[in-house]
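This report concerns only the one structure given below.
Nothing in this text is a laboratory measurement; each read-out follows from the coordinates by a stated rule. As the structure is a computational prediction, the values presented were derived from the model and not from experiment. Positions of Cβ are backbone-derived with ideal geometry, glycine not excepted, and every protein chain shown enters the neighbour counts.
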Amino acid sequence: MEPADRQEQIVRVAATHLSRDGAAGVSMSSIAKDAGVTRALIYRYFPGKQALLDAVLRHESERLLAATEPDPKLSARDNLHRSLNAYLDFFSASSGGVRELYTASANPVARELVEANHELQATRILQVLELDDTPRHRLAAGGWLALVEFTAASSREPPETTRSTCASPPWLPCSDRTWPEPHSSRLSLTFLD
């Protein structure tokens with residue numbers, strides 16, 4: 001097996017162990033056994049358990065970004081709903097271990113991956129809606145994404161409940177892609193009115 005393929009195999013096996021056992025329960029020996037390799041080979045690719053867990057996070061982040069990639073054949077609304085469902089499906093299928101790492105703010109790799117994912121998802125939303133990348137639009141997209149991310153990562157409820165919580169961003173522009181103007185001079189975030 002090619003080294004890159006072997007590394008990928010080890011990461012996939014480690015992801016399974018992480019999902020089942022959580023970060024504290026991950027054992028390099030068990031991963032080596034299930035991957036059909038020696039511990040020494042794992043340590044050749046990953047200098048320690050944290051490096052392997054960080055590789056799992058990167059792998060999972062890549063999978064999430066691929067699953068939520070907009071489809072140019074779909075409308076803006078359909079793309080948002082498809083991506084939202086893919087995002088929620090991803091977290092619904094992830095067990096405690098992956099969620100644990102994603103929500104562990106003390107892990108700098110997790111924090112970096114979450115921030116990069118959030119930034120890319122906000123950019124995708126603005127692009128698919130054909131909105132200018134203004135602070136106001138980015139705030140609206142980022143706020144909705146924060147709700148989706150929090151709900152997906154922390155939900156212990158059935159997926160249908162989670163979906164109904166995040167189903168439609170209340171600020172989603174009409175089909176003419178115009179941004180609603182404030183209804184009064186009071187401080188207002190229009191998308192929440």
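Points to keep in mind about this one:
- Taking a sphere under 12 Å around the Cβ of Leu52 and counting the other residues whose Cβ falls inside, with K and R at +1 and D and E at -1, yields a net charge of +4.
- Net charge over other residues, Cβ less than 15 angstrom from the Cβ of Asp5 (K, R count +1; D, E count -1): +1
- With both labels modelled 7 Å from their Cα along Cα-to-Cβ, the Met1 to Leu41 distance reads 0.6 nm.
- Listed values for region 82-91 are Karplus-derived 3J(HN,Hα) couplings in whole Hz (6.51 cos²θ - 1.76 cosθ + 1.60, θ = phi - 60°), namely 5, 5, 4, 4, 5, 5, 5, 4, 4, 6, and x replaces Gly and Pro.
- Computed from the C-beta positions of Thr16 and Gln127, the FRET efficiency with R₀ = 30 Å rounds to 0.30.
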